[in-house]
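In what follows, a structure is listed as structure tokens, so that the remarks can point back to it.
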Amino acid sequence: MASLLTNVAALNVLHNLATTQRDLQDTQQQVSSGLKVGNASQNAAYWSIATTMKSDNASLSAVKDGLALGSATIDVVNSALTSAVDVVNQIKAKLVTASEPGVDRSKIQTEITSLQQQLKSIGDSAVFSGQNWLSVDSSVLGYNAQKSIIASFSRDNSGVVQIGTIDIDTTNIRLYDANGGQGLIDKTRTSGATSQALSTMDISALTDSTADRQTLSDYLKITDSVLSDITAATSSIGAYKTRVSSQSTFVSSLMDSITTGVGSLVDADMNQESAKLQALQVQQQLGVQSLSIANQNVQLILKLFGGG
């Protein structure tokens, strides 16, 4: 039936054209943003999961920065301890030289004093980001020998967030402690009848007497004990350095995995969307042409009455 008031063909074409236009707008938005899920209205579940994962990834980025800071601090400590081992070895060698009868121990002491000052400089200079683990004052309010490095961020099945840390006890690695000399170098050690700290050891007054030679032997044993403890501290810090480095690598890998997971949920397939965009553009053009044809039906009715 040809109707002047109701153009059914045109109405159908308009409906299809509106649908095409809506799909075209959605596709253009995905192409321009690169996202197939850009807001909760497009897919509430995927949007919620992706938003949470992106937030967790930002937290992991902070963890990675914390690990980098911790690694740098450990590097400074490790470098200082390694240098301290070298200097204590030199002191030990000087004491062996001083064990020879007839040597001028006052001159050797001058060298030892210089090495003792170098050790103190090493301890005081081992500072990174305001932290010094090797030269401390344990009497200061708020001092804590337990150092923590943020190492992980996780969320369990119930959504509870947990922060993991790598804890380092610096009690046995500190070289100096202004609070009563409790560091590895300024701590008073005992060998035989001799009690002495390496930091204040002085052989300038020692003679070749039996008692003084025994004291010198005790000094050598005390120095060797200090060397053993600093070597153990260096090994311990080296193990922490390896652990922090491994954790940093893991966090980086985890961040990449989360980024990939988020992308699979919300990123648009640009190849697919490009092909879809072209198809919709063609449909839109055909729809406009179909609407033009449908509107010509009115002109045909006019011709039935001898018009046009």
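A compact table of results
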| quantity | calculated |
| --- | --- |
| Residue that is closer than 20 Å to residue 79 by Cα, of a type outside the set (A, V, I, L, M, F, W, C), surrounded by fewer than 15 Cβ atoms within 10 Å (Cβ to Cβ) and modelled with pLDDT of 95 or more, where the choices are 228, 245 | 228 |
| Candidates 41, 48, 71 - the one that is exposed (fewer than 15 other Cβ atoms within 10 Å of the Cβ), out of contact with any Phe, Trp or Tyr (no Cβ under 9 Å at 6 or more places or on another chain) and of a type in the set (Ser, Thr, Tyr) | 48 |
| Identity of the residue in segment 123-178, within 19 Å of the chain's Cα centre (by Cα) and in a loop (DSSP other than H, G, I, E, B), that ends up surrounded by the most Cβ atoms within 10 Å (Cβ to Cβ) | 129 |
| Condition broken by residue 306, with the remaining ones in (1) modelled with pLDDT under 85; (2) assigned to a helix (DSSP H, G or I) satisfied | (2) |
| In segment 203-225, residue surrounded by the fewest Cβ atoms within 10 Å (Cβ to Cβ) [restricted to those that are out of contact with any helix residue (DSSP H, G or I) (no Cβ under 7 Å at 6 or more places or on another chain), among the polar types (S, T, N, Q) and assigned to a loop (DSSP other than H, G, I, E, B)] | 209 |
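Residue-wise test of (1) in contact (Cβ under 8 Å) with a residue 24 or more places away in the chain; (2) of a type in the set (A, V, I, L, M, F, W, C).
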position	(1), (2)
128	yes, yes
149	yes, yes
155	yes, no
158	no, no
164	no, no
168	yes, yes
178	yes, yes
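The values are calculated or read from the model by the stated rules, or taken from the named source; none is laboratory data. Please read these numbers as outputs of a predicted model, since none were measured by experiment. All Cβ positions, even for glycine, are placed from backbone atoms using ideal geometry, and neighbour counts span all protein chains on display.
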